[in-house]
Amino acid sequence: MHNRDIGAFAWRALTGYTTRTVLMLIAMAIGVAAVVMLTALGEGARRYVAGQFASLGTNLIIVIPGRAETAGVSPSTLMGETPRDLTLDDAMALTRNYRVRRIAPLNIGSADASWKSRSREVTVFGTTHELLALRHWELAKGRFLPDTDIDIASPVCVIGTKIRDELFGAQPALGQWMRIGDRRFRVIGILGSEGRSIGVDVQEVVMIPVASAQQLFNTPSLFRILVEARTREAIEPVKTFILETLKERHQGEEDVTVITQDAVLATFDRIFTALTYAVGGIAAISLFVAGILIMNVMLVAVSQRTAEIGLLKALGAAPRQIVALFLAEAFLLSMLGAVLGLLLGELGSMIVRQMFPTLPAYPPGWATLTALLVALATGLLFSLLPARRAARLDPVLALSGR
Amino acid sequence: MAVIELRQVHRDFQVGDQTVHALDDVNLCIEAGDYVSIMGPSGSGKSTLLNLIGLLDRATRGQYLLNGEDVTTLSDIAQAEVRNRQIGFVFQAFHLVPRLTAAQNIELPMILAGVAKDIRDVRVNEALKALNLDSRAHHKPDQLSGGQRQRVAIARATIMQPKVLLADEPTGNLDRKSGQDVIDILESLNARGITLLIVTHDAEIGGRARRQVHMLDGRIETDQTSEVSHAQP
Ligand SMILES: Nc1ncnc2c1ncn2[C@@H]1O[C@H](COP(=O)(O)OP(=O)(O)O)[C@@H](O)[C@H]1O
Ligand SMILES: [Mg+2]
C-alpha cells in the first residue's frame with residue numbers, strides 16, 4: 001500500500017463523516033489555539049517588562065557616590081567623613097576597560113532658563129554625547145552634545161520638547177541662544193524621546209556638556225556615572241572593575257555604590273518565562289483532553305465501521321495496514337486541527353496586539369512548535385488503541401456486524 | 001491438482017459452556033475451475049465452511065491445503081496476502097464502502113496490494129466495462145440498485161484475478177431478475193476458468209452447479225457431481 005493511497009483513503013473517511021471530523025478539528029484547534037494565545041500573552045508581558053527596562057539602558061551600571069547604607073556602618077561614617085566626590089577623572093578612568101562600551105558622567109541641578117521674555121525653572125543635566133546612545137534616546141531635531149573631550153565646556157544645549165514648547169512656542173528653537181542661570185547656550189538639538197530619567201521627565205530637561213554644568217553649578221563633583229557594559233555577561237566583571245578602580249583612586253576607600261538594573265531585569269525575565277511555561281503547560285492540558293476526545297471518536301469510528309474493517313480484511317488488508325489507515329486518519333485530523341489552531345491562535349494574538357498596542361503578544365516559536373508536536377503526538381498516541389483494536393477485529397464477526 | 005483440499009476439518013464455537021460443532025469432520029477436495037454449490041438448511045455450517053476456505057477463519061482442527069500448500073499455519077500477514085491475491089469474496093450484503101464510488105470500491109484490493117495508480121485505473125475501467133457499469137463508475141453505493149451493487153462487488157472480488165471466487169448467498173438480497181444476472185456473471189467467470197463456490201439455500205440456483213454439496217449439522221451429507229453442467233445453455 002502506497003502512502004499516497006493511505007492518505008487518500010483516510011481523507012475520504014474524514015470527508016465522509018463531516019460532523020465527526022468538524023467536532024474533532026474544533027477540539028484540536030481550541031487546544032492548540034489556547035497554547036499559542038496564552039504563551040503569546042505571557043511572552044508579551046515578558047517583552048513588555050523587558051522593554052521597559054531596556055528603555056532605561058541596556059547592560060547599564062550606575063555609579064553613585066557614597067556607600068549604600070545597607071552595607072552597615074563604615075569607619076568613615078563613624079568618623080564623620082563625607083564621602084569623596086566622584087570626579088570627571090574618575091569617570092575617565094572607568095573607560096579603560098575593554099568590557100566597557102561607553103560611559104556618561106551626569107551632573108544635575110536646577111536653574112532658571114529663559115528666552116526673550118519667557119522663562120521657567122528647568123532641570124539641567126550636565127553630561128556627554130554618549131548619554132544619547134546609552135539611554136536609547138532619540139533626537140527630534142538637530143544634534144546631540146558634541147563628541148569632544150570630556151572637560152571642554154562649550155556653550156551648547158539640547159532641550160526637551162516641553163521646554164521648547166514653553167520657551168519658544170511656535171518659533172524655531174534650533175540655533176537660538178537661550179539663557180541658563182547666568183550663562184548663554186545655543187540650542188543645537190531637541191530631544192524627541194518621552195519617559196522619565198532619575199525621576200525627571202526628559203521632556204522637561206535641558207542638557208549641556210558636563211564641564212559647562214560644573215562651571216554653572218560651581219562644583220567639581222558628579223551626581224552619577226552611567227556605564228554601559230558590552231554584554232550582559234560583562235556586567236559583573238565591569239562592576240568589580242569599577243569598584244576596584246575607584247577604590248584605588250580614592251586611597252583604598254570603598255566609597256561608591258554600584259547598582260545594576262540587569263539583575264532586576266533578569267529576575268523579572270525569569271518570572272515571566274516561568275509564567276509563560278506555566279500557562280503554556282496548562283493550555284497543553286486541553287490538548288490532552290482533545291487527545292482523549294480523539295480516542296473516543298476513533299473508538300466510535302471503529303465500531304461504526306466494523307463491517308468496513310471486516311471487508312478490508314477479506315480483501316487482504318494485513319493488520320498493520322489497517323492500523324496505518326486509522327493512524328493516517330488521526331494524523332490528518334490532528335494536523336489539520338493543529339494548523340487551524342495555529343491560525344486561530346495567531347489571529348487571537350493579533351487581536352490582542354491591536355487592542356493593547358503596548359503588549360507585544362507574539363507567540364514564541366518554541367510554543368508554536370511544541371503545540372504542533374504535542375497535538376500530533378496526542379492525536380497519534382490516542383488513536384493507537386482504537387487502530388489496534390480495529391486491526392485485531394475478527395473478520396467474520398466484523399462482516400456480520402457482530 | 002486440487003485447488004482446495006480440506007482434511008478432517010473441525011470448527012468449534014464455544015457458546016457459554018456449550019460447544020457448537022459448526023464444522024464436524026469435513027473432507028472436501030475441489031479441482032481448479034470447478035463450479036460448486038453448497039446447500040443446506042440455515043445453521044448447517046455453509047458460511048463457516050466458506051469463511052474457512054477464504055481464510056477469514058481458522059479451523060479448530062484439521063488441515064487446509066490451498067494449491068497444495070498448507071495454509072492453516074501461515075502468519076496473519078501471509079494469510080492476508082493470500083486473501084488479497086488468490087481469493088475473491090462476494091457477500092449477500094454486498095459490503096461496499098458507502099463513502100467510496102463504484103470505481104473506488106473496485107480499486108480497493110489493488111490499493112492494498114500496492115498496485116500503481118495508472119495500472120489500477122486501466123483495470124478498473126476494464127472491469128466496469130465488462131460488468132456493464134461504465135455509466136455508474138462515479139456513483140456511490142446508495143445511488144446504485146441492488147443488482148448494480150452486487151456487480152460492483154463482483155468486479156472488486158475479481159479485480160486481482162484470483163483463482164477462487166467465494167460467494168455467500170450472493171442473490172439473497174436481490175430480486176429474481178437481478179439475482180439471475182448475478183448468477184449469469186458468476187457462471188461466465190467460471191467458464192473462463194475461475195473456481196466458483198456458491199453458498200445458497202435456493203435449490204434452483206444450487207442445482208445449476210456441476211457439483212452440489214449438501215450440508216447438515218456441520219457435516220457434508222451428500223456430494224454429487226453431475227456430468228452435464230446446467231450452467232451452459
Ligand atoms: N461466531 C460464532 N459463535 C458461535 N456460534 C457460531 C458462530 N458462527 C457460527 N456459529 C454457529 O455455527 C453454526 C453454523 O453457522 P453458519 O456457518 O453461519 O451456518 P449457515 O451459513 O449454514 O446458516 C450455527 O449453529 C451457528 O449458530
Ligand atoms: Mg450463512
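The values are calculated or read from the model by the stated rules, or taken from the named source; none is laboratory data. The model shown is predicted, which means the values in this text are computed figures rather than measured ones. Here the Cβ positions follow ideal geometry from the backbone for every residue, glycine too, while neighbour counts run over all protein chains shown. These area figures cover heavy atoms from the full protein model, side chains too; ligands, DNA and RNA do not enter into them. Shrake-Rupley method; radii C 1.70, N 1.55, O 1.52, S 1.80 Å.
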Could you rank A:Y17, A:Y48, A:Y98, B:Y64 by how accessible they are, 1.4 Å probe, largest area first?
A:Y98, A:Y48, A:Y17, B:Y64
Pull out a ≥ b ≥ c, the square roots of the eigenvalues of the alpha-carbon gyration tensor of the stretch B:136-184, then state rounded if a/c is under 1.5, prolate if not and a/b is larger than b/c, and oblate in the remaining case.
oblate
I need two numbers for the stretch A:290-402: Rg to one decimal and Dmax as a whole number, Cα atoms only, in Å.
19.1, 65
Along the stretch A:296-303, Karplus-curve 3J(HN,Hα) (6.51, -1.76, 1.60; θ = phi - 60°) to the nearest Hz, with x for Gly and Pro, reads 4, 5, 5, 4, 4, 4, 5, 6
May I ask you to compute the full-extension gain from A:R320 to A:T231, defined as 0.36 nm times their residue separation minus their alpha-carbon distance, rounded to one decimal in nm?
26.4 nm
Could you compute the FRET efficiency for A:D269 and A:R184, with r as their C-beta to C-beta distance and R0 at 41 Å, rounded to 0.05?
0.30
Taking all protein chains in place and a 1.4 Å probe, what share, in percent, of the accessible surface of the protein assembly as shown do carbon and sulfur account for?
55
Show the residues, 5+ positions off or on another chain, whose built amide H is closer than 5 Å to the amide H of B:R219.
B:D24
Could you report the accessible area of B:M110 in Å², rounded to 10, computed with a 1.4 Å probe on the protein chains as they sit in the structure?
0
Residues along the stretch B:63-112 losing 50 Å² or more of accessible surface when the other protein chains are present rather than the chain by itself (probe 1.4 Å):
B:I77, B:R83, B:H95, B:R99, B:I111, B:L112
Using a loss threshold of 50 Å², tell me which positions in the stretch A:356-402 are less accessible in the complex than in their chain alone. Probe radius 1.4 Å, ligands and nucleic acids ignored.
A:V396, A:L399
Enter the per residue convex hull volume of the stretch A:107-170, computed from alpha-carbon coordinates, in Å³ rounded to the nearest integer.
103
Given +1 on the Cβ of Lys and Arg, -1 on the Cβ of Asp and Glu, and no further charges, what dipole in debye does the protein assembly as shown carry about its Cα centre, rounded to the nearest 20?
1240
Measure nothing fancy, just the Cα-based angle from helix B:117-130's long axis to the longest principal axis of chain B, in degrees from 0 to 90, nearest 10.
80
Let me make sure I get this right: for the stretch B:80-187, a, b and c are the square roots of the gyration tensor eigenvalues over alpha carbons, sorted descending. Under 1.5 in a/c it's rounded, otherwise prolate if a/b > b/c, else oblate. Which is it?
oblate
Hydrodynamic radius (Kirkwood) for the stretch B:138-233, which is based on Cα pairs only, to one decimal in Å:
14.4
Given B:168-177, B:131-140, the highest-first ranking by average Cβ count within 10 Å works out to B:168-177, B:131-140
Once the whole set of protein chains is in place, how much accessible area is left on A:D149, using a 1.4 Å probe, in Å² to the nearest 10?
110
Using +1 at the Cβ of each Lys and Arg and -1 at the Cβ of each Asp and Glu in chain A, identify which of A:I190, A:Q215, A:L311 lies farthest towards the dipole's positive end.
A:L311
Pairs from B:K117/B:K140; B:K46/B:K129; A:K313/B:K117; A:K313/B:K140; A:K116/A:K162; B:K129/B:K163 whose Cα-Cα separation, in the structure shown, is over 23 Å
B:K46/B:K129
Relative contact order computed over chain A (Cα-Cα under 8 Å; 6+ residues apart), in percent:
30
Taking alpha-carbon centroids only, the stretch A:1-56 lies from the stretch B:43-105 a number of Å equal to 43
Convert 25 °C to kelvin, take the viscosity as 0.890 mPa s, use the Kirkwood radius over C-alpha pairs of the stretch A:207-364 as Rh, and evaluate the Stokes-Einstein diffusion coefficient in µm²/s, rounded to a whole number.
106
Regression test value, accessible area per residue of the stretch A:199-331, probe 1.4 Å, units Å², expected 41
Can you list, bin by bin at 10 Å, the percent of alpha carbon pairs in the stretch B:27-85, starting at 0?
19, 52, 27, 2
Exposure ranking of A:S193, B:S42 by accessible area [1.4 Å probe, largest first]
B:S42, A:S193
When ligands, DNA and RNA are left out and all protein chains stay put, how many square angstrom of accessible area per residue does chain B have with a 1.4 Å probe?
44
Mind checking how much accessible area B and A bury in total, 1.4 Å probe, in Å² rounded to 100?
2200
Kirkwood Rh, angstrom, chain A [1 / mean 1/r, Cα pairs]:
26.5
Can you give me the solvent accessible area of B:L166 with a 1.4 Å probe, rounded to the nearest 10 Å²?
0
